Amino acid sequence: MCGIVGAVAQRDVAEILLEGLRRLEYRGYDSAGLAVLNPETGLQRCRRLGKVKELVDAVAAEPLSGGTGIAHTRWATHGEPSERNAHPHVSSRITVVHNGIIENHEPLRQQLQQQGYVFNSDTDTEVIAHLVEQELQQTDSLLTAVQKAVAQLHGAYGTVLMDSTDASRLVVARSGSPLVIGVGIGEHFIASDQLALLPVTRRFIFLEEGDVAEITRHSVQIFDKDGQPVERELHESNVSYDAGDKGPYRHFMLKEIYEQPHAVSNTLEGRLSADSVLDETFGNGASELFKQVQHVQIVACGTSYHSGMVARYWLEAMAGVSCNVEIASEFRYRKSFVQPNSLLVTISQSGETADTLAALRLAKELGYLGSLTICNVAGSSLVRESDLAFMTRAGAEIGVASTKAFTTQLVGLAMLSLAIGKHHGMDAATQQQLVQALNQLPAVLEQSLTLAGQIEALAEEFADKHHALFLGRGDQYPIAMEGALKLKEISYIHAEAYAAGELKHGPLALIDADMPIIVVAPNNELLEKLKSNVEEVRARGGILYVFADADARFQSDDTMRVINVPHSHPWLAPVLYTIPLQLLSYYVAIIKGTDVDQPRNLAKSVTVE
């Protein structure tokens with residue numbers, strides 16, 4: 001959830017660390033700090049409450065110099081956002097940054113306090129610093145001290161430590177929270193995401209679960225969870241960081257909304273024949289696995305969970321296999337029954353979502369036929385640990401509220417439905433028709449962006465609203481859920497979504513002129529049912545905002561505002577109708593004056609439970 005950057009180099013590293021934090025700020029932005037070690041001047045530390053810019057300005061006023069350093073941008077878990085709770089934390093010789101949650105921090109804190117250690121923060125992280133400091137009383141090796149300390153920790157951590165008496169090395173440890181080593185020439189780096197290090201290297205080593213590593217300018221030594229030396233593969237990255245500036249757009253979120261036609265084109269490129277989806281798209285052995293699949297279990301969180309809910313409709317209707325969808329944090333903590341020949345599908349933008357990753361690891365013990373991840377980050381934990389992987393190729397997404405990551409997930413899941421379907425009786429003509437619809441999708445999405453002006457004007461009617469209701473039927477119900485999530489995430493308007501047929505089972509009690517009702521209404525077999533639900537709202541004085549296919553024949557009047565959405569193949573309407581709802585939430589947030597890209601209390605990558 002937070003962002004880590006570290007470096008061991010001959011040159012000054014403060015600017016490298018700060019640039020890395022800028023690139024990771026989407027992972028947490030309530031406070032930030034860095035510490036730099038200089039053999040001549042010792043440890044220099046600077047921390048600030050608020051966004052990375054506050055730290056950048058502070059360092060500009062009082063520059064830090066040194067070739068070894070660590071930095072952190074925080075999303076608070078333990079302890080309020082404040083300068084005293086900002087990382088790095090210090091215990092005598094030891095300085096530490098940490099992502100994750102130490103679940104047994106309270107007994108460890110009490111134990112350390114009894115031994116005379118004084119805590120200067122409310123964080124669980126400070127426990128790590130004191131533990132390592134304590135272990136250093138028994139050894140002169142920082143590596144050994146860290147190995148002994150992390151053996152006492154329960155929970156999740158990605159942590160980097162340095163010893164102020166030795167500027168030649170960093171020691172890092174990973175359990176449940178990602179860390180990647182950047183390999184340079186006469187210098188090495190560490191980060192929680194390779195995006196932070198792209199300005200200084202393209203060569204990366206991804207640490208595995210339980211790894212501890214010692215990093216110097218000239219060497220990287222990695223030890224597994226049993227303390228045995230291991231070699232980890234060196235990866236040459238071709239990832240492009242194309243989100244360094246917003247270009248002509250006011251916010252990253254708006255930029256990423258407009259990037260969706262191109263992102264979907266990238267998702268499709270090279271993965272379709274004239275009449276089918278290429279099985280190799282999903283990895284070696286996909287064809288044989290798909291032939292055996294009789295059931296699909298989808299596990300995801302947040303926006304990714306909504307994409308999985310759409311996929312359930314597709315997999316059952318087109319591929320002819322049963323499908324369950326579950327929130328990862330629920331799946332991992334209940335006893336579940338594994339259907340015969342079940343494929344586990346995980347969905348995550350980052351590939352590091354803690355609950356989803358834990359669900360994958362649990363599933364490996366439960367006897368699933370195989371595992372597949374739909375993911376946007378090559379080299380992430382989900383990609384490395386799954387049997388098969390489909391990369392969405394959405395590109396870097398900086399806005400916390402997911403946009404192009406969601407639509408490319410939907411496209412990936414649509415392709416998965418086709419790929420499984422062709423092994424389970426889907427006729428060739430249907431496959432060809434749906435492949436043609438996929439190929440046409442980027443152009444249709446481009447058309448939908450022309451609605452921005454109408455939606456911006458419409459958003460003004462939400463200026464004084466505090467609640468909203470979203471309605472959809474069938475595979476549009478999850479899209480209504482996604483629309484409600486976007487509105488609450490960035491405008492702070494309380495929003496809920498309902499399957500429209502549920503209106504009369506309770507939600508009608510909420511309807512009045514102050515409760516905007518947003519409806520998604522493609523021209524499909526459920527349209528007439530949906531129109532009946534719309535009339536139920538109108539009869540009770542509700543104000544409707546309907547995003548509808550032009551052929552659906554809705555007419556604007558005093559109680560209903562209609563936005564005509566371009567026509568698409570009914571199967572892919574969920575992808576299309578997502579974009580107007582994203583634009584609505586964006587323009588409402590602008591009117592409300594919120595921080596669109598970095599909404600309060602949220603962060604982009606949820607690497608803690």
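Each value in this text was obtained by applying a stated rule to the coordinates, not by laboratory testing. Quantities reported herein were computed from a predicted structural model and do not represent experimental measurements. Counting neighbours? That spans all protein chains shown, and the Cβs are built from the backbone with ideal geometry, glycine included.
Expressed in nm to one decimal, what extension gain is obtained for the pair Gln10 and Gln138 from 0.36 nm per residue of sequence separation less their Cα-Cα distance? Don't skip to the end; give the middle numbers.
On the way: separation 128, 0.36 × 128 = 46.08 nm, distance 3.01 nm.
Gain in length upon complete extension: 43.1 nm.
Apply the a/c threshold of 1.5 to the C-alpha gyration tensor of region 371-485 and tell me whether it is rounded, prolate or oblate. Please report the intermediate quantities before stating the final value.
Numbers: a/c = 2.07, a/b = 1.48, b/c = 1.39.
Note, shape of region 371-485 comes out prolate.
Determine ³J(HN,Hα), in whole Hz, for all residues of region 170-182 in sequence, where each value follows from phi through the Karplus function 6.51 cos²θ - 1.76 cosθ + 1.60 and θ = phi - 60°; x replaces Gly and Pro.
10, 10, 10, 9, 10, 8, x, 9, x, 9, 10, 9, x
Within region 427-467, whose backbone N sits under 13 Å from a point 7 Å along Cα→Cβ of Ala550?
It comes to 447-448, 451, nothing else.
What is the spin-label model distance, in nm, from Glu103 to Leu366 if the labels are put 7 Å beyond Cα along the C-beta direction?
Placing both labels 7 Å beyond Cα along the Cβ direction yields 1.7 nm.
Tell me the mean residue ellipticity at 222 nm calculated for the chain from its helices only (DSSP H runs of n ≥ 4, each -39500 (n - 2.57), averaged over every residue, nearest 500). Let's see the in-between values first.
Numbers: 18 runs with 203 residues, N = 609.
Theoretical 222 nm ellipticity from helices: -10000 deg cm²/dmol.
Quote the charge dipole size of region 244-426 about the Cα centre in Debye, to the nearest 20; the model charges only the Cβ of Lys and Arg (+1) and of Asp and Glu (-1). Show your work: numbers first, answer last.
Details: 15 positive and 17 negative charges, 49 e Å.
It works out to roughly 240 debye.
Using 0.36 nm per residue of separation minus the Cα-Cα distance, give me the extension gain between His494 and Ser336 in nm, one decimal.
Working: separation 158, 0.36 × 158 = 56.88 nm, distance 3.27 nm.
Difference between extended and current length: 53.6 nm.
Where a ≥ b ≥ c are the square roots of the eigenvalues of the C-alpha gyration tensor, would you call region 3-236 rounded, which needs a/c under 1.5, or, failing that, prolate if a/b is larger than b/c, or oblate? Walk me through the intermediate numbers first.
Values: a/c = 1.36, a/b = 1.06, b/c = 1.28.
It is rounded, given that a/c, with a ≥ b ≥ c, falls under 1.5.
Taking each pair of different alpha-carbon atoms in region 244-426 once, compute 1/r for the pair, average those values, and report the inverse of that mean as the Kirkwood hydrodynamic radius in Å to one decimal. Could you put the intermediate results ahead of the total?
Working: mean 1/r = 0.0609 Å⁻¹.
Taking every pair of different Cα atoms in region 244-426, averaging 1/r and inverting gives 16.4 Å.
Set Lys and Arg Cβ to +1 and Asp and Glu Cβ to -1, take the dipole of region 3-236 about its Cα centre, and tell me which of Val132, Gly79, Ile102 lies farthest positive.
Result: Gly79, furthest along the dipole toward the positive end.
Give the aspartates and glutamates reachable from Lys422 as a straight Cα distance under 14 Å; neighbours fewer than 8 places away on the same chain don't count.
Asp275, Asp279, Glu280, Glu288, Glu316
Checking the a/c ratio against 1.5 first, then a/b against b/c, what shape does the Cα gyration tensor give for the chain?
Numbers: a/c = 2.07, a/b = 1.61, b/c = 1.28.
Verdict is prolate for the chain.
Defining a contact as two alpha carbons under 8 Å apart and six or more residues distant in sequence, what relative contact order in percent does region 3-236 show?
Details: 583 pairs, mean separation 46.7, N = 234.
Reported relative contact order: 20 percent.
What GluC sites (Glu not before Pro) in region 204-237 are in a loop by DSSP, with at most 11 other Cβ atoms within 10 Å of the Cβ?
Values: sites: Glu208, Glu209, Glu214, Glu231, Glu233, Glu236; in loops: Glu208, Glu209, Glu231, Glu233.
Listed in order of number, the matching sites are Glu231, Glu233.
By what distance, in whole Å, do the Cα atoms of region 449-603 stretch along each of the three principal axes, largest value first?
Each principal axis gives a Cα extent; for region 449-603 these are 39, 34, 28 Å.
Among Ile181, Phe119, Val171, whose Cα lies farthest out toward the positive end of the dipole of region 116-182, if unit charges sit on the beta carbon of Lys, Arg (+1) and Asp, Glu (-1)?
The residue sitting farthest along the positive end of the dipole is Ile181.
Looking only at region 460-475, which residues have a backbone nitrogen under 13 Å from a spot 7 Å from the Cα of Arg250 in the C-beta direction?
460
If N is the number of residues in region 517-590, what value comes out of its Cα radius of gyration divided by 2.2 N^0.38 Å?
Numbers: Rg = 12.3 Å, N = 74, 2.2 N^0.38 = 11.3 Å.
That ratio works out to 1.09.
So what is the relative contact order of the chain, in percent, for Cα pairs below 8 Å that sit 6 or more residues apart?
Result for the chain is 12 percent.
Of all trypsin sites (Lys or Arg not before Pro) in region 1-71, which ones are in loop regions per DSSP and have a Cβ with at most 14 other Cβ atoms within 10 Å?
Qualifying residues, ordered by number: Arg11.
Gain in length, Arg84 to Gln292, computed as 0.36 nm per residue apart minus the alpha-carbon separation, to one decimal in nm?
Numbers: separation 208, 0.36 × 208 = 74.88 nm, distance 5.54 nm.
Contour length minus the Cα-Cα distance gives 69.3 nm.
Given Lys291/Lys364; Lys255/Lys531; Lys51/Lys486; Lys246/Lys486; Lys148/Lys364, which pairs have Cα atoms separated by over 24 Å? Each step should come with its number before you reach the end.
Working: Lys291/Lys364 20 Å; Lys255/Lys531 34 Å; Lys51/Lys486 22 Å; Lys246/Lys486 20 Å; Lys148/Lys364 29 Å.
In this structure, Lys255/Lys531; Lys148/Lys364 lie more than 24 Å apart at Cα.
Using the basic label-point model (7 angstrom from Cα toward the beta carbon), what is the Lys504 to His154 distance in nanometres?
Reported label-point gap for Lys504 and His154 is 5.2 nm.
With +1 on the Cβ of every Lys and Arg and -1 on the Cβ of every Asp and Glu, and nothing else charged, how large is the dipole of the chain about its Cα centre, in debye rounded to the nearest 20?
On the way: 50 positive and 74 negative charges, 35 e Å.
That gives a dipole near 160 debye.
Report the chymotrypsin sites (Phe, Trp or Tyr not before Pro) located in region 252-349 that are in a DSSP loop and have at most 10 other Cβ atoms inside 10 Å of their Cβ, or state none. It would help to have the intermediate numbers written out before the result.
Working: sites: Phe252, Tyr258, Phe282, Phe290, Tyr305, Tyr313, Trp314, Phe331, Tyr333, Phe337; in loops: Tyr333, Phe337.
Answer in residue order: Phe337.
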